[in-house]
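Down below is the structure, laid out as structure tokens.
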Amino acid sequence: QVQVVESGGGLVQPGGSLRLSCTVSGSSASAYIMAWYRQAPGKSRQLVALLVSSGATTYADSVKGRFTISRDTGKNAVSLQMNNLKSEDTAVYYCNAVILPHNYWGQGTQLTVSS
């Protein structure tokens, strides 16, 4: 059974940095896409950053220049380095893995940016 597990959330002051990690287990196939989404209270889930197996990346406009998605050691593992965090980055962050033809989600990790 495929499992997606996020880690690294927490409480950070505005202007601070944090790194989220995501690991996918239970699949012998490589992910075609790995991505981070976030959902703030009362809002819909939105794409934050996406990494294609080719190495191409996509970022939401709101995080460009502040967040970086990268592949970690291991076949299906990614990190999201978040710098210069703002209060509006507060949300539950979800890792998503597309291992064709399936789409897998983690349970989410909470990030709170507050002084």
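The values are calculated or read from the model by the stated rules, or taken from the named source; none is laboratory data. Computed from a predicted model, the values in this text were never measured in an experiment. These accessible areas exclude ligands, DNA and RNA; they are computed on the full protein's heavy atoms, side chains included. Shrake-Rupley method; radii C 1.70, N 1.55, O 1.52, S 1.80 Å.
GNM remark for the chain: springs join alpha carbons under 10 Å apart, and the peak mean-square fluctuation among LEU18, LEU100, LEU51 falls on LEU100.
Taken per residue, the accessible surface of the chain reaches 52 Å², heavy atoms only and a 1.4 Å probe.
Database remark: amide H of TYR32 closer than 5 angstrom to the amide H of VAL98, ILE99, LEU100 (H placed geometrically; neighbours at sequence offset of 5 or more, or on other chains; Pro and chain starts carry no H). Phi angles across the stretch 91-101 convert, under the Karplus curve 6.51 cos²θ - 1.76 cosθ + 1.60 with θ = phi - 60°, into 3J(HN,Hα) values of 4, 8, 9, 10, 8, 10, 10, 9, 10, 3, x Hz, Gly and Pro given as x. Calculated on the Cα set of the stretch 48-89, radius of gyration then Dmax: 11.0, 33 Å. Sorted largest first, the principal axis extents computed over the alpha-carbon atoms of the chain equal 43, 25, 24 Å. In the complete set of protein chains, residue-level accessible area for ARG66 is approximately 20 Å², probe 1.4 angstrom. Relative to its residue count, the stretch 1-65 spans a Cα convex hull of 126 Å³ per residue. Across the stretch 59-74, rounded Karplus estimates of 3J(HN,Hα) from the backbone phi angles (6.51 cos²θ - 1.76 cosθ + 1.60, θ = phi - 60°) give 10, 5, 4, 5, 10, 4, x, 10, 10, 9, 9, 8, 7, 8, 4, x Hz, Gly and Pro being marked x. Sequentially through the stretch 2-10, phi angles give Karplus couplings (6.51, -1.76, 1.60; θ = phi - 60°) of 6, 10, 10, 10, 9, 8, x, x, x Hz, Gly and Pro residues having no value and appearing as x.
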